[in-house]
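Reviewing the structure listed below.
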Amino acid sequence: MSRDRLTSLVAGALGLALLLAAVGLAGRTTAPRADFAFCNQSEPSSLDPAVSTGVPDARILRALFEGLTRPDPATNAPLPGVAERWETSADGLEWRFHLRADARWSNGDPVTAHDFEHSLRRVLSPATASRNAYLLWCVEGAREYTRAGPDAPAPPPAIDAVSDRELRIRLVRPTPYLASLLSYYTFAPIHRGCLEEHGPLWTQAGRLVGNGPFVLVERRLRDRIRLERSPTYWGRDEVALGSVTAYAAAGVTTQLNMYLLGEVDWMVKPPPGLYASLRGREDLVVGGQLGTTFLRFNTHGGAFADAPRDSPFRDPRVREALALALDRRALAEDVMRGGQEPLDSFVPNGLPGYEPARLPPPDVARARALLAEAGYPDGRGFPRFSFLYPHNETTRDFCEAVAAAWRRTLGLECELVNQVFGVYLDSTVQGLYDVAWSAWIGDYLDPSTFLELFVTGGGNNRTGWGDPRYDALVEEAGGEPDVARRAALYREAEAILLAAWCVAPVYQRVNINLVSTRVRGFHDNLLDVHPLRDLSVVPDAAPRGGSASPAGPDGAAR
Amino acid sequence: MSAVPLRARPGVWRRLVRRPGTRPALVVLAIVVALAAVAPALPLPLPSEMDARVASAGPGGAWRVADPVSLGQLADDHPWAAALRAQVFGDAELAGVLGTDDLGRDLLARVLWGGRVSLLVGLLATLVSAVVGVGWGLVAGYVGGRLDQLMMRVVDVAYSIPFLFVVILLIAVLRDEELAGRMRALGLDRLSVLYLVIGGISWLTMARIVRGQVLALREAPFVSAARALGAGGPRIVRAHVLPNLWGVVVVYLTLTVPRVMLFEAFLSFLGLGVEPPGVSWGILASEGLESLTVLGVSWWLVVFPGLALALTLGTLNLLGDALRDALDPRLVR
Amino acid sequence: MITPRTLLLRLLGVAGIVLVVVTVCFALMHAVPGGPFDDGRDIDPAIKANLLARYDLDAPLPQQYVRYMGNVFLRGDLGPSLKLRDYSVNQVLAESLPVSMTLGVCALLVALAIGLGAGALAAARRGGWVDTLVMGGATLGISLPNFVIAGLLVLLFVFHWRLFPLTGLTSPAHLVLPSIALGLPFAASIARLFRTGLLEVLGEDWIRTARAKGLTGRAVLWRHAARPAMLPVVSFLGPALAGILSGSLVVEQIFAIPGMGSHFVDSALNADYYLASGVVIVYTVLVSTANLAVDLGYALLDPRVEGST
């Protein structure tokens, strides 16, 4: 081979490489900045309302689709969506939804009650394998329908289109929060023709037909999603934003930098370590969330499948001692440092129409006395136990502080065990832990979303605890049409739960949002739901939050 | 393959230290190792000790009275070092020399304690890789024939395996509480799993080099002579092959330590290596990057862990090169 | 030269490696407890069974394995993604592979440009302070993880001098810092190899002859010595490519670049069996073909190398 040929070979290879690089970059040119851009925390798992799970999915889905109802941006209360009004029968078991005449799909087709019949039944169908199907099991025949095997299909659930513009839903028990539940993104309608034409991958840009305030223009995996105002949406005149970009950037520091440099107008959950330097900023929006961070105690002693093992945590006095030894305020304010409030109930504060049962205040002296009473004075003879938490930096700091508190006040030693989330979950489900960090975020504005967890043998109980009185109260409350009496029953159940000390609530979770001051219509709320439909931006009248001039390297820590 | 057996020759040490740069490298390495070794006895805060009042403070440093709870904890975990520290320094400690992180933890303490973990994992993983690699290469080279072909084919195949991925999978599997419990029963905590895994995938080159050496040695006149005199296989390996291998093994080991330390840092950076509250240089580097925001740049969190890594790995690489040159005069010009 | 027979054998070898790797990964992924559908709450057994059935994860393992292998090798279909449910694995890779390749190629170019330049400079000024400086820098370069380099680059060029954007991939400027962070450690290795190679060649007789003929140092260096001295560099390109691809895992994360690297860790940790296996297959194919190509290139450059490798 001659030298010249070799040289041209090498040059050719390099040229090819450059060409490849150019192709890789092609199509990645910058589109003009959208009216509103935000960090969506991660890539949505799916844009199919029935199968998607997770908050990043929900933000996009609420823009692309609209259910019978939609959440009020300030209070989360159900507002008319595709349904312009609805009514309930006297026993609370039958609901009728009346659809608006001008609801349209993005391809111009009218949205009908038949679309909802098909879509809601689809959520419940075993073939769809929706993770959120259980939320609709209050519908007659729904649970049986989802649970039926492929060999013995069950009759469809009682969701029926009475006419093009009327949908009837029959329930097995009164569910006063049904209208609110139906504003959940899972229960949006999908376009049957689109699904049938494209099959399982119908949700890609260019294929997807929606009925929401926005349409999907572009989706780059793990990069961005671009939305534009839908010209066919019935309320298009109420939608202020013409275009929206949602970034999938996962790193929280990356997100913060994008926000501070003005590349986005909204980011969720800035790093807790930086909360101190963000506090007091005008664009920091903090509020209570419908979520509780708590500790689970394994009251069974060992794996739930095995016979109970000898363990100090079988003794309620030990559990109470460990719970009372924790200074909830210090943990919330000094360790979490993100605006969290200590919580002395299991159901978080702020639910309309419900006043939670309360825990006694922390009391180290009493904790030490209880521990001594249980046979472990000053922690002597107490076995080293495992304290399980899912891998995450914030959680780690929190659990280290809890372990330090137990060491300091009670003389107890524990081993911190961290696992990836799926594994952690599996361990708690099987009872392979002594104490476990836990969190629960409610699905809808009702105490049942918290208190149904701890019925005996419930899949999310995971403590081994059970009490027939508690089960009976929760069951009775679920079937109680009278709202006040219902709340009282739930409160009684919560008191039993707290007195058993199978859980130790620590703080109410918070929503922390950084929102540029040029954004209007952004309200803090319990569910942390901020539909893009209701947001607007004012021109750069009052630049702030770094939207115009980035801070210098030494920081504009205000 | 016609490798000239690297053998211990007289004057290796002399040649080594005469090479420019070797002496300072040795001194730096000795200091790093010594500081890491005695870290528990130094008058510093504990690496996990948080102090919200001094969060994100720049380098400086001042003497203060140590937190008695931390001292108690130190006495529990390292009684000997704690006693020494109390003897020499009393309850005084030097805080904030290299600054603090966003949780107010002392960076100098974290770098030194992290060095303990990083160096330990590096050494042990290297040892594991040496045992596997030397064993593999020795058997392949000495037995030869079909077995050699097969064993070297395995090594070739293994070179094309994306080990990073396999390691991530393996670590994910080993996070299972049940499996981890069983491992703990065998005396394997997460750290030992880490160096076993890293060592277990870092032996390929060692195996190749050792095999080459053994092949050459097998045909060397003195080995043929021993064989002619009736010496058996194990005896030949023990008496003639192994003693002539150590040169190449030591050289390659010196170069393996920085490689596996890099690997540990890589895994820890991704959150798959050393687990907090344990510290390693990889974790520190990752935390440093996380601290870079428009709100304020804690440069020290990026620079000092990076410097620790650079100094240690740099001197190790330098020494490895020097050692190779010193052992192999053919390369010395 | 390489005969078609050896080429065929090597290609078969690549296929064998892929087979082995996929099998190992398949086994490991299915050993991960927790399963692919855990996200914070226990799901009803019926719903979980529906999910497993939908993705053919309820079949006996050997059956899943055979079906998967058939799809991969006969139809080139890597299956659905369990976590990115709007995409097939093929689509995910089709979208992210070019991004990673772009970054990888740029990093390789950086490595070659800096590495060859520095190596030649050091060789030309052998023994001088330039040599010491370059080689010291190279030793440092192979000692620093790319995330430390990335950190320093970000510190200087994003926060201090504000020359480059931090994240994303929308313009060539976005590629500069990631490529440097990714390529620099390999530039250091290349510089060391090239310098050693040059010095070795420059010591040989025919170079002395060329010099005696009156050629200047630079001419000798570039016209005669460079090509043979490239041999060790070329054989390093295979491992370098593998290293760059795995290094991009971290670099993509730091600079928020939507490449294959981000799928790499995520899919493994989240038990996305199909995507994880898909990434590993693509990666294995890349690395083994790169090794093959390097061997071929080596044979072309060095006539002494026979077909057997």
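The values are calculated or read from the model by the stated rules, or taken from the named source; none is laboratory data. Keep in mind it's a predicted model, so treat the numbers as computed, not measured. A quick note on method: Cβ atoms are made from the backbone with ideal geometry, for glycine too, and the neighbour counts reach across all protein chains shown.
Check B:A66 against each of (1) crowded, with 21+ Cβ neighbours inside 10 Å; (2) modelled with pLDDT of 90 or more; (3) not polar (S, T, N, Q) and name the one condition it does not meet.
The one condition B:A66 does not meet is (2).
Looking only at region C:83-133, which residues are at the interface with another protein chain (Cβ under 9 Å from one of its Cβ atoms), β-branched (V, I, T) and closer than 19 Å to C:G261 by Cα?
Those that are at the interface with another protein chain (Cβ under 9 Å from one of its Cβ atoms), β-branched (V, I, T) and closer than 19 Å to C:G261 by Cα: C:V92, C:V99, C:T102, C:V105.
So that you can scan it fast, the table gives a plain yes or no per residue for (1) without any contact (Cβ under 8 Å) to a residue 60 or more places away in the chain; (2) in contact with an Asp or Glu (Cβ under 8 Å, 6 or more places away or on another chain):
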site	(1), (2)
B:L150	yes, no
B:A158	yes, no
B:W203	no, no
B:R211	no, yes
B:V214	no, no
B:F222	yes, no
B:A225	yes, no
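For (1) within 14 Å of chain C (Cβ to nearest Cβ); (2) more than 24 Å from B:R110 (Cβ to Cβ); (3) modelled with pLDDT under 85, each residue gets a yes or a no:
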| position | (1), (2), (3) |
| --- | --- |
| B:G233 | no, yes, yes |
| B:V260 | yes, no, no |
| B:F266 | yes, no, no |
| B:L272 | yes, no, yes |
| B:W281 | yes, no, no |
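Would you say C:V99 is in a helix (DSSP H, G or I), touching a residue at least 40 places away in the same chain (Cβ under 8 Å) and either in contact with a strand residue (DSSP E or B) (Cβ under 8 Å, 6 or more places away or on another chain) or closer than 30 Å to C:Y274 by Cα (or both)?
It is true that C:V99 is in a helix (DSSP H, G or I), touching a residue at least 40 places away in the same chain (Cβ under 8 Å) and either in contact with a strand residue (DSSP E or B) (Cβ under 8 Å, 6 or more places away or on another chain) or closer than 30 Å to C:Y274 by Cα (or both).
Being among the small types (G, A, S) and surrounded by fewer than 22 Cβ atoms within 10 Å (Cβ to Cβ) is the filter here, so list the residues in region A:66-82 that pass it.
Result: A:A74, A:A77.
Is it fair to say A:D151 is away from every other protein chain (no Cβ under 14 Å), surrounded by fewer than 16 Cβ atoms within 10 Å (Cβ to Cβ) and over 22 Å from A:T88 (Cβ atoms)?
Considered against the rule, which asks whether it is away from every other protein chain (no Cβ under 14 Å), surrounded by fewer than 16 Cβ atoms within 10 Å (Cβ to Cβ) and over 22 Å from A:T88 (Cβ atoms), A:D151 comes out as no.
Those residues that are hydrophobic (A, V, I, L, M, F, W, C), touching a Pro at 6+ places or on another chain (Cβ under 8 Å) and more than 7 Å from chain C (Cβ to nearest Cβ), I need them from region B:305-327; list them, please.
Once the filter is applied, which keeps residues that are hydrophobic (A, V, I, L, M, F, W, C), touching a Pro at 6+ places or on another chain (Cβ under 8 Å) and more than 7 Å from chain C (Cβ to nearest Cβ), region B:305-327 yields only B:L316.
Go through (1) touching a Ser or Thr at 6+ places or on another chain (Cβ under 8 Å); (2) in contact (Cβ under 8 Å) with a residue 40 or more places away in the chain; (3) part of a helix (DSSP H, G or I) and name the single condition B:V302 misses.
Result: B:V302 fails condition (2) only.
Do we find that C:F159 is part of a helix (DSSP H, G or I), crowded, with 21+ Cβ neighbours inside 10 Å and touching a residue at least 60 places away in the same chain (Cβ under 8 Å) in this structure?
On the way: part of a helix (DSSP H, G or I): yes; crowded, with 21+ Cβ neighbours inside 10 Å: yes; touching a residue at least 60 places away in the same chain (Cβ under 8 Å): no.
For C:F159, the condition - part of a helix (DSSP H, G or I), crowded, with 21+ Cβ neighbours inside 10 Å and touching a residue at least 60 places away in the same chain (Cβ under 8 Å) - is not met.
Which one of these is closer than 30 Å to A:R486 by Cα, away from chain B (no Cβ under 14 Å), touching an Asp or Glu at 6+ places or on another chain (Cβ under 9 Å) and touching a residue at least 40 places away in the same chain (Cβ under 8 Å): A:L370, A:L359, A:L343? Quick ask: steps written out before the conclusion?
Details: A:L370 fails: closer than 30 Å to A:R486 by Cα; A:L343 fails: touching an Asp or Glu at 6+ places or on another chain (Cβ under 9 Å).
Only one candidate passes the filter, namely A:L359.
Kindly establish whether A:F116 is surrounded by 15 or more Cβ atoms within 10 Å (Cβ to Cβ) and out of contact with any Gly (no Cβ under 9 Å at 6 or more places or on another chain).
Against the criterion (surrounded by 15 or more Cβ atoms within 10 Å (Cβ to Cβ) and out of contact with any Gly (no Cβ under 9 Å at 6 or more places or on another chain)), A:F116 does not qualify.
When you go through B:A125, B:A95, B:A57 one by one, which is the residue that is more than 22 Å from A:L416 (Cβ to Cβ), surrounded by 22 or more Cβ atoms within 10 Å (Cβ to Cβ) and in contact with a strand residue (DSSP E or B) (Cβ under 8 Å, 6 or more places away or on another chain)?
B:A95
Scanning for something polar (S, T, N, Q), in the same structural domain as A:G199 (by TED's automatic domain parsing) and closer than 30 Å to C:A53 by Cα, does region A:101-109 turn up at least one residue?
no
Say we look at region A:435-455 and pick out the residues that are in contact with a helix residue (DSSP H, G or I) (Cβ under 6 Å, 6 or more places away or on another chain) and under 17 Å from A:P316 (Cα atoms); which of these is farthest from the other protein chains (Cβ to nearest Cβ)?
A:F454
Which residue pairs have Cβ atoms under 6 Å apart, sit 6 or more places apart or on different chains, and have a first residue in region C:108-127 that is of a type in the set (V, I, T) and a second that is modelled with pLDDT of 90 or more?
C:V110/C:S179; C:V110/C:I180; C:V110/C:G183; C:I114/C:A187
Give me a count of the residues in region C:56-82 that are under 26 Å from the mean Cα position of the chain (by Cα), within 14 Å of chain A (Cβ to nearest Cβ) and at positive phi.
So the answer is 1.
Against the definition (facing another protein chain (nearest Cβ under 10 Å), at positive phi and either in contact (Cβ under 8 Å) with a residue 24 or more places away in the chain or part of a helix (DSSP H, G or I) (or both)), how does C:G136 come out, yes or no?
For C:G136, the condition - facing another protein chain (nearest Cβ under 10 Å), at positive phi and either in contact (Cβ under 8 Å) with a residue 24 or more places away in the chain or part of a helix (DSSP H, G or I) (or both) - is not met.
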